[in-house]
Amino acid sequence: MGSASSMLTQYDIEEVQEHCNDLFSQQEIVSLYQRFCQLDRNAKGFISADEFLSVPEFAMNPLSQRLLKMVDGLNFKDFVAFLSAFSARASMQQKSELIFKVYDSDCNGKVSFNDILEVLRDLSGSFMSDEQREKVLTQVLQEAGYTRESYLTLGDYIKVLGSYGVKMEVEVPID
């Protein structure tokens, strides 16, 4: 056959499907594998930061540097597991866990006021001043019963920010 999908066996597909909690169909996994192989230009079995940055949508994302820390060097199985939070079948909990990891850049399981502020700065750019961002964040935290000095765990984060309803879905084209 010669295509990238011919290198995936039925066992491989089922293993990846199980690894991502069945959030992608077998056809979607085959499509993701083809895309993975396109990104893995040197056929090393993982995607480097430079290869991720070759995707214009990724490179233009204001959070790309934070995301790179999470995706640099992922093999196919972990690549699919990472993307599974973007599946339409992923729960709000699964989506919130991924977003929390974006905020928790030092991976200590806690998010500080400054962690959230940095992400807001990345997302809002020059459209908001630092003072405006701090004011908004302080108000959101206070309304949820937290202060600027509070460190949010995943559960706290979901209580404060997860209730706003997050839409994170990616359509996987199936050839």
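Label positions at residue 106 and residue 44, each projected 7 Å from the Cα along the C-beta direction, are separated by 2.9 nm. For residue 101, the lysines whose Cα comes closer than 17 Å to its Cα, not counting residues fewer than 8 places off in the same chain, are 69, 110, 159, 167.
Give me the Kirkwood hydrodynamic radius of the range 91-165 in Å, from all C-alpha pairs, to one decimal place?
For the range 91-165, inverting the mean 1/r across all distinct Cα pairs yields 12.6 Å.
In µm²/s, what is D for the range 25-78 at 10 °C and 1.306 mPa s, where D = kT/(6 pi eta Rh) by Stokes-Einstein and Rh is the Kirkwood radius from Cα pairs?
It comes out at roughly 137 µm²/s.
Counting only Cβ charges, +1 for Lys and Arg and -1 for Asp and Glu, the dipole size of the chain around its Cα centre is about 260 debye. Work from the charge dipole of the range 10-89 (Cβ charges, +1 for Lys and Arg, -1 for Asp and Glu, about the Cα centre) and give the residue of 31, 21, 73 farthest towards its positive end. Towards the positive end, the residue furthest out is 73. Counting 0.36 nm for each residue step from residue 88 to residue 53 and taking away their Cα separation leaves a gain of 10.1 nm.
Restricting the range 42-146 to chymotrypsin sites (Phe, Trp or Tyr not before Pro) that sit in a DSSP loop and have at most 14 other Cβ atoms within 10 Å of their own Cβ leaves nothing. Considering only 128, 111, 98, and ranking their Cα positions along the charge dipole of the range 91-165 that arises from unit charges at the beta-carbon of Lys, Arg, Asp and Glu, the one farthest toward the positive end is 98.
What number do you get for the chain when its Cα radius of gyration is normalised by 2.2 N^0.38 Å, N = residues?
Taking N as the residue count of the chain, the ratio is 1.17.
Here, each number is a calculation from the coordinates, and none is a lab measurement. Remember, it's a predicted structure, so these values are computed and weren't measured experimentally. With ideal geometry, Cβ positions are generated from the backbone for all residues, glycine too; neighbour counts draw on all protein chains shown.
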